[in-house]
Structure formats: C-alpha cells, structure tokens
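Before any comments, here is the structure.
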Amino acid sequence: MDQAAGLKTLFAPGHEPGGAPPDAVAEVPAGRPAGGMARQQCRAIAVSGGKGGVGKSTVAVNLGMALSIAGNDVMLLDADMGLANVDVLLGLTATRHIGHLLDGSATLEELVLEAPHGLRVIPAGSGARRLAQLPNSEHAAIIRAFDGLARPPRYLLVDTAAGLSDNVSMFAAAADDVLLVVCDEPASLTDTYAVIKVLSRDFGVRRFRMVANMMQNEGSARQLHRKLSRVCDRFLEVVIDFSGWIPHDERLRQAIRRQSAVVDLWPSSRSALAFRQLAGAVDSWAQAGRAGTDRIAFFGDRALPASRMKT
Ligand SMILES: Nc1ncnc2c1ncn2[C@@H]1O[C@H](COP(=O)(O)OP(=O)(O)OP(=O)(O)O)[C@@H](O)[C@H]1O
Ligand SMILES: [Mg+2]
C-alpha cells in the first residue's frame with residue numbers, strides 16, 4: 001500500500017470513532033498562502049524513534065539550531081502533544097500553543113517563539129489531555145496549516161512523541177524524511193523496528209535515516225546501524241541510511257540543565273561537533289522529497305511534481 005493509500009485508509013469513515021475523512025479536515029487559520037516556487041525548497045524532517053528517552057528532542061533541538069547556525073531558516077515543531085518540552089529545553093516561555101491554533105484563536109505564525117540563532121519554535125502545549133488525544137482530522141489540520149505560512153522555512157524539524165500512536169505516524173508520514181534516533185539498548189532497537197514496520201506497511205515510507213545517540217565511538221554506532229539494517233532487510237522492504245552519530249557527552253547534559261542547546265553553549269564540545277556534522281549530512285540529502293500530490297503532507301502544495309525535482 002503506498003503512502004497516499006495508507007492515509008486514505010487511515011481516514012476512511014469508521015477507522016476511528018470521531019475521526020474524519022480527508023475532505024472533512026478541520027480548518028484552522030493558517031496565515032497568508034506563500035508562492036509555490038518558495039515552498040519547493042521546504043524540507044520537513046520528522047525526528048522519531050519509538051522508545052522514550054533516546055534523545056529525540058535533544059537531537060531535534062540541537063540539529064535545528066546547528067542548521068540555523070549554518071545559515072538556514074529553520075522551524076521546529078514540537079509534536080509531542082500534551083507533553084511539550086522543546087520550549088523547556090530551550091528556556092522559552094510559551095504563552096500560546098497548538099491548542100490555540102486548533103481552536104482558531106491563533107494562527108501558526110502567532111505561535112512562533114524565537115530561539116537563539118533565528119530558530120523558530122512552535123510549542124506543543126503541556127498538560128492538556130485533549131492535546132494528547134487529538135483525532136486524526138486535527139493532526140491533518142495542523143499539518144495543512146504549514147501550507148499557509150507566509151515565510152516557509154528551508155527546514156521544518158518535527159519532534160515526535162515516543163510510542164506508535166496515530167500522532168507519531170501521522171507527523172512522520174507527512175514529512176519528507178524520517179530521522180530515527182536509536183541508542184544501543186535492545187528496547188530502542190525493537191521499538192525503532194516497530195516504527196519502521198508501521199510506517200512502511202501502512203504509509204509506504206521506504207527510506208529512513210538513522211542517527212545513533214549516546215554512543216562511545218563511531219565503530220559502535222555503525223555496528224548498531226548494521227544490526228537494525230540486518231533485521232529490516234530480512235523482514236521489510238526498506239532502506240536505512242546511516243546519517244551520523246552523537247557521543248554520550250556530559251556537556252550535553254549540562255547544557256540541558258541550563259536550558260540551552262549544546263551547539264550554542266559549548267560549540268566545541270564533542271556532541272556539538274557531531275550535531276554540526278549531522279546538519280551537514282541533512283544539508284546534503286537530495287532535494288526531492290517523497291512528495292505525492294494527493295497525500296496529507298507538510299508543504300503539500302509544492303508546485304513541481306516529484307518527478308521534476310532534482311534527486
Ligand atoms: N548524547 C547524549 N549524551 C548524554 N546525555 C544525553 C544524550 N542524548 C540525550 N541525553 C539525555 O537523555 C535525556 C532524554 O533525552 P530526550 O528528552 O531528548 O529524549 P526523548 O527521546 O525526546 O524522550 P521522550 O520520548 O520522553 O520525548 C536528556 O535529558 C539527556 O539528559
Ligand atoms: Mg522528547
């Protein structure tokens with residue numbers, strides 16, 4: 001089943017009590033639509049991984065800021081609805097969040113918090129049970145709101161929640177790339193495998209990127225990648241690219257305690273260097289996304305068909 005078909009199934013009436021078919025997606029105020037030529041350049045990257053505590057938010061925040069420092073316009077969406085922590089990691093104070101977008105009291109642009117180096121953060125809102133249990137029509141409405149951004153970013157990083165809820169799969173499937181954060185623990189590997197299985201089987205995602213986190217050295221990071229690839233090769237038709245590794249670094253923990261990105265606070269630390277390398281890898285990824293014309297996708301109305309984009 002391809003991705004569009006997967007989303008159609010997901011949206012089929014009766015799939016979920018209270019769910020809605022695609023043409024009944026909730027409307028939210030998005031802002032002024034931008035030109036198609038500008039949005040071809042937008043690339044949405046979901047940071048995912050299944051297991052809790054493997055470093056998804058840490059990677060999303062530091063990769064986002066490393067890309068900003070390198071001169072890119074970057075937006076970071078906290079999609080861990082109901083348990084927001086990107087704003088906390090960066091010491092930002094959110095007065096409005098995704099809940100305000102959904103109830104129509106704010107546009108996406110009005111939610112934006114400015115982090116250092118021009119990184120734009122969209123906070124998720126914390127402690128609201130409603131946000132943690134959104135129906136798919138509202139996930140789709142959030143995704144579609146990005147089409148209306150007056151100033152679409154070069155990169156949109158999406159920090160997803162742990163687990164395998166519709167929340168996670170919707171945001172990951174709508175992105176151009178899925179970056180899996182994996183650490184060297186059996187539960188991280190099995191949970192990552194479960195995410196890959198669901199996204200490939202139900203959404204037609206065939207290519208994944210992997211970053212190994214909290215590693216001792218490159219050798220063990222590559223070994224972890226081989227382990228995951230071997231299992232996926234046997235049972236699933238997917239490609240897992242090795243995109244880099246982040247060392248276990250006490251400096252990173254100290255930066256978190258200071259509510260700062262390590263790439264900003266200690267740019268010459270081992271982990272900051274690794275995040276800059278990862279940003280370089282992201283920058284080198286092919287320009288073409290997995291864009292189809294009939295799927296729910298971030299920046300879904302890109303002007304050129306995928307076949308005409310550079311690969
Ligand atoms: N490379 C690293 N070196 C040292 N500590 C790290 C590293 N990466 C993450 N951590 C630690 O792991 C903790 C959990 O990280 P983080 O909150 O980013 O995980 P997560 O996958 O987003 O968790 P959740 O699933 O709960 O959202 C951090 O508070 C940090 O202390
Ligand atoms: Mg997190």
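What follows draws every value from the coordinates through simple rules; no lab data is involved. Everything numeric in this text was worked out from a predicted model, so none of it was measured. Note that we place each Cβ from the backbone using ideal geometry, even for glycine, and neighbour counts take in every protein chain shown.
Structural remarks
- Taking amide H atoms as placed 1.01 Å from N in the peptide plane, the amide H of D241 lies under 5 Å from those of F208, R209, M210, each 5 or more residues away in sequence or on another chain.
- Spin-label model distance (nm) - R129 vs R257, 7 Å beyond Cα toward Cβ: 3.6 nm
- Taking θ as phi - 60° and the Karplus parameters 6.51, -1.76 and 1.60, the scalar couplings of region 72-84 work out to 8, 8, 10, 10, 10, 9, 7, 9, 8, 4, x, 10, 3 Hz in sequence order, x denoting glycine and proline.
- Sorted by Cβ neighbour density within 10 Å, fewest at the top, the residues D103, D80, D264: D103, D264, D80
- Over region 47-285, all Cα pairs binned in 10 Å intervals from 0 give whole-percent P(r) values of 8, 34, 38, 18, 2, 0, listed from short to long.
- Global size of region 132-193 as Cα Rg and Dmax, reported in angstrom: 13.7, 44
- Net charge contributed by nearby residues that have their C-beta within less than 11 Å of V239 (K/R +1, D/E -1): 0
- Dipole magnitude of region 47-285 about its Cα centre (Cβ charges: Lys, Arg +1; Asp, Glu -1), debye to nearest 20: 560 debye
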